[in-house]
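All of the numbers you see were taken from the coordinates with simple rules; none came from a lab. Not measured: the values here are computed from a predicted model. Neighbour counts are summed over all protein chains in view; Cβ atoms, including those assigned to glycine, are modelled from backbone coordinates with ideal geometry.
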Amino acid sequence: MSGRHGVPSPRAPDVSGAPSHPAPRRPETRRRSRIGEFLVVGGATPLLFVISWLMRETLELSDAEYATGFTFYYAAHLLNDPHFSVTYLLFYEDARGRLLGDRFGRTQKVRYWLAGVVAPLGLGIWAISALATESAVSLGLMFQLMFLLVGWHYVKQGFGVMMVLSARRGIRFTPRERFVILAHAYAGWFYAWASPIDTGRRIVEKQVVYTTVAHPPYLEQVTLVLFGISTVALIVVLAMKRRREGPVALLTPLTGLLCSVWAWSVFSGIDPLVRYAVPALHSLQYLYFVRLLKEPQAREREGPPFFETSARNRLGLLVVSALVLGAILFDLAPMALDETLTPSGGYANPDMGSTPYFAALFTFVNIHHYCMDAVIWRKENKQTRYLSM
């Protein structure tokens, strides 16, 4: 999720689908909304560290880990999986108009073609080739690409959260400030990926066995230095902004950024229990912005001049569609493929494991999600840029 800027004209049914501004809410309602926003964009993370400590003090670590893992395994069906599947529903809405019409400008249309056509075609060929040749090495490379990009996806979303929520509070950043904030996010991504040192390990992921590509021995130290420099630069820039503009309401936006970079990326494994919650926390943050996007649009469409179905029905349909599609992508489809297409005697290459179709589809959806997400949440997309207002 990257930055979103600008606002289309209200009541614009033909181009953006963006709603007009809702009526002002009462102060107590706004206060509760701000507290809820703080929690869902990252503020719940410190609370989970406290809960984790209490669980480890009360229970044996193995029992606490089992309870936490069990909870977030099933939470994936309600948060993680729909966060992937709803991206497909957002991205391919009016695909014909976006690919061939004038819904996007030239640059955005190229991005849409790359993410919506080229990327899934290339990933599909890669996955099918790996399965057809029983190449655990090829599937392993897909996993490693996914692990490389997931950090980029996390920190870019954190950057977008900070930019959007700041703009919604009337806070604007200069190009230099934006550069420093984004550089800190990227530096965190590089360091998280490079740490710890990887000399080439033989690991198992989704039952597929492969050997990782070794990192240069100096990579961890270099990325740590860059991350440290970017942290100092971020502190200096924010301090200068406060000195120049006075107190600014950056608690929630900055929490969204720092949790994405520090708690969910760089130090995601620092707590043995909270690490299970990281994908759910990231998904919750993402789904909050989907709500910010779709709820006003749904309310707009139920009034004049559209008089379509109620906002509750439209949003309910979106929720059900995301849940169903998530179940198909991560449960039903891979289960059916593995049961139907896996040889009865198993693969000649034992490194493929017993669920290679699940492994291939899992990596496909993850990587494709990162590509689509980088197109949806851009200022060039008229349907999302109004969020900054």
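Structural remarks
- Ranked by the mean number of other Cβ atoms within 10 Å per residue, highest first, peptides 152-159, 242-249 order as 152-159, 242-249.
- Total charge dipole magnitude, segment 204-249, about the Cα centre, Cβ charges on Lys, Arg, Asp, Glu only, Debye to nearest 20: 360
- Between 200, 268, 304, the Cα set farthest toward the positive side of the dipole of the chain (charges on each charged residue's Cβ, about the Cα centre) is that of 304.
- (1) 32, 30, 18; (2) 51, 23, 18; (3) 34, 28, 22, with the label sought being that of the calculated semi-axes √(5λ) of the Cα gyration tensor in Å: (3)
- Cα-based shape type of segment 38-157, given that a ≥ b ≥ c are square roots of the gyration tensor eigenvalues and the cut on a/c is 1.5: oblate
- Segment residue 328-residue 241, length gained on full extension (0.36 nm per residue, minus Cα span): 26.6 nm
- Ranked by how many other beta carbons lie within 10 Å on average, peptides 321-331, 255-265, 78-88 from highest: 255-265, 78-88, 321-331
- Structure-based [θ]222 nm, the chain - -39500 (n - 2.57) summed over DSSP H runs of at least 4, per residue, nearest 500: -21000 deg cm²/dmol
- For segment 149-169, backbone nitrogen atoms closer than 19 Å to the point 7 Å from residue 379 Cα along Cα-to-C-beta are found at 156-169.
- Out-of-range pairs (alpha-carbon distance over 29 Å; input 156/294; 156/241; 206/294): 206/294
- 12 Å tail of the calculated P(r), segment 158-218, as % of Cα pairs: 76
- Exposure proxy for 215, 77, 369: other Cβ atoms within 10 Å of each Cβ, ordered fewest to most, give 77, 215, 369.
- Theoretical FRET efficiency, 1/(1+(r/R0)^6), r = Cβ-Cβ of residue 315 and residue 92, R0 25 Å, to 0.05: 0.85
- Under the combined filter of DSSP loop state and at most 14 neighbouring Cβ atoms within 10 Å, segment 278-381 retains these GluC sites (Glu not before Pro): 308.
- Per-residue Cβ neighbour counts within 10 Å put 32, 299 in the sequence 32, 299, beginning with the fewest.
- Rounded to the nearest 20 debye, the dipole size of segment 146-239 about its Cα centre is 380 debye, using +1 on the Cβ of Lys and Arg and -1 on the Cβ of Asp and Glu.
- Order of 173, 190 - criterion: other Cβ atoms within 10 Å of each residue's Cβ, fewest first: 173, 190
- Highest mean packing comes first when the peptides 36-48, 223-235 are listed by Cβ atoms within 10 Å, giving 36-48, 223-235.
- Anisotropy class of segment 216-276 from Cα gyration tensor, a/c 1.5 cut: oblate
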